[in-house]
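Chemist: Pasting in a structure now, in C-alpha cells, and then I'll have a few things to ask.
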Amino acid sequence: MKILITGVCGFIGSHLARKLVQNRKHVIGVDNLSYGFKENVADLENNDNFEFFNLDITSDEFVDKFKSQNFDIVIHLACVKSPRYGNRMESLTVNSLGTENVLEIAVNSKARFIYGSTGELYGKNQELPFTEESSFRLGKPEIRRWSTVISQMYSEHLCFAYNEKHELDFSIIRFFNIYGPGQRRDWMGGPQSIFIESALEGKPMEIHGDGVQTRDLTYIDDAIEGTMKILDTPYASGEIINIGNDTQISIVNLAYMIWRLSNNQSKPKLEFLAYSDLPHLYEDIRHRVCDTTKALCLLGFKAETSLESGLKSTIEWHRANKGRVFS
C-alpha cells in the first residue's frame with residue numbers, strides 16, 4: 001500500500017508516518033519545513049518504506065511531482081495554524097489552494113482522501129459538547145485566528161465538492177488539542193507546551209484571561225489509534241469524525257498539574273495576562289468540549305490515556321530535549 005502524507009514533519013504527521021511504516025506501508029512524506037522539522041522523521045530516513053520530499057503543497061512543482069503517481073491513500077495534514085503573530089494570507093492560501101492541489105492528486109490516483117481538520121471549527125458555539133453536527137460560530141474578521149478556521153472550513157467543503165464532482169472517497173478528522181512527545185515546544189504546541197517549558201525552568205506560567213476556560217487534551221498515541229481505525233474501515237467513508245478526549249480541564253488547573261508533575265518543590269507560579277494586554281487582537285474559545293460518541297459507535301474508538309499519564313510522558317520528553325532547536 002502506497003500512502004502520501006502532507007505535513008509529514010509536523011507533530012501528527014510524523015507520528016502517523018512512523019506507525020504506518022511500522023505496519024509495512026510505503027509512505028511518501030511531503031513537507032516544506034516551514035512549521036515541521038526534518039528531525040521529527042530522522043529515524044525513518046534509512047527505511048525503505050519511507051521517502052521524503054521537501055516541497056510546498058501550493059507549488060506547481062508539488063503537483064507536477066505527484067500528479068501521475070498512484071497512491072492508495074492520500075492523507076492531508078499540512079496546514080498553517082492560527083496566525084496569532086503572523087500573516088493571515090499564508091493561512092488562507094495554504095489551507096485553500098494547498099488543499100485543492102492535494103485533492104487533485106488524490107483524484108488522479110483514485111485514492112482515498114483523509115483530511116486532517118480541527119475542532120476549532122466549532123468556534124464560540126456555546127452548545128456543549130461539540131458533536132459532528134454542531135453549528136459553527138466564529139468571531140469578527142478583524143481577529144487573525146479565524147482566518148485559519150475559515151480556510152479549514154473551506155477545505156472541508158472542498159472534500160464534499162470533490163466527492164460530488166469526482167466521486168472522491170474521503171473522510172474528515174476533526175482533531176481536538178493533540179499533545180505528547182514530539183509536540184512543538186512554543187505557543188504553537190498549545191498551552192501545555194508553554195506551561196511545561198516554564199515549569200521545567202521554575203518560571204511563572206503565563207495564563208491568558210482568568211484561566212477558567214477549559215480544554216480537552218488528547219494524547220498523541222490515542223489520536224494516532226483513532227486515525228488508524230479510520231484508515232482501516234469503510235465505515236468512515238464520507239464521514240466527519242471528532243478525534244479527541246471528552247475529559248476537560250481548566251487552563252489554570254492544567255498549569256497546576258504540570259507544575260506538580262515537573263517535580264517543583266515551590267508553590268506554583270502563575271502570571272495572569274488580560275486579553276487586552278496582548279500585543280494583538282485576540283478572541284479565546286471559552287470552552288472546547290469534544291463529543292466522541294460517533295467515534296465510539298462507528299469505529300469502536302475511545303481515547304484511553306489519562307491526562308496525568310500523558311503529561312508525565314510529555315514532560316519527560318521536554319526535559320530530555322531541552323535546548324534542542326526543533327519542536
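Quick note: the coordinates plus some simple rules give every number you see, no bench work behind them. None of the values given here were measured: they were computed from a predicted structure. Note that we place each Cβ from the backbone using ideal geometry, even for glycine, and neighbour counts take in every protein chain shown.
Chemist: For a quick protection proxy, order the peptides 27-33, 93-99, 44-50 by their average other-Cβ count within 10 Å, most packed first.
Modeler: Values: 27-33: 22.7, 93-99: 20.3, 44-50: 13.9.
Averaged packing, sorted descending, gives the order 27-33, 93-99, 44-50.
Chemist: For the range 101-111, take each phi angle, set θ = phi - 60°, evaluate the Karplus expression 6.51 cos²θ - 1.76 cosθ + 1.60, and give the result in whole Hz per residue in order, putting x for glycine and proline.
Modeler: 4, 5, 5, 4, 5, 5, 5, 4, 7, 6, 8
Chemist: Ok, one more. Go through the range 143-148 residue by residue and turn each phi into a ³J(HN,Hα) via Karplus (6.51, -1.76, 1.60, θ = phi - 60°); whole Hz please, and just put x for glycine and proline.
Modeler: So the Karplus estimates, Gly and Pro as x, are 8, 4, 4, 6, 5, 5 Hz.
Chemist: I've got another one for you. Listed highest first by mean packing, meaning other Cβ atoms within 10 Å per residue, what order do 125-137, 1-13, 69-81 come in? It would help to have the intermediate numbers written out before the result.
Modeler: On the way: 125-137: 14.2, 1-13: 24.8, 69-81: 22.0.
Ranking, from highest mean packing down: 1-13, 69-81, 125-137.
Chemist: If I take every Cα pair under 8 Å that is 6 or more residues apart in the range 30-188, average their sequence separation and divide by the length, what percent do I get for the relative contact order?
Modeler: On the way: 216 pairs, mean separation 38.1, N = 159.
Reported as a whole number, the value is 24 percent.
Chemist: If you don't mind, another one. Quickly rank 150-156, 110-116 as a protection proxy: mean count of other C-beta atoms within 10 Å, highest first. Before the final figure, lay out the partial values.
Modeler: Numbers: 150-156: 19.9, 110-116: 22.3.
Final packing ranking: 110-116, 150-156.
Chemist: Moving on to the next point. For the pair H166 and L128, what calculated FRET efficiency results from E = 1/(1 + (r/R0)^6), where r is the Cβ-Cβ distance and R0 = 35 Å, to the nearest 0.05?
Modeler: On the way: r = 36 Å, r/R0 = 1.03.
Step by step, r from the Cβ atoms, then E = 0.45.
Chemist: Next question, about the same structure. Could you name the lysines in cross-link range of K140, using Cα to Cα under 25 Å and dropping any fewer than eight places away on the same chain?
Modeler: Output for K140: K81, K124.
Chemist: Something else: Could you work out [θ]222 nm for the chain from helices alone, using -39500 (n - 2.57) per DSSP H run of at least four and dividing by all its residues? Round to the nearest 500 deg cm²/dmol.
Modeler: Dividing the helical sum by the residues of the chain leaves -10000 deg cm²/dmol.
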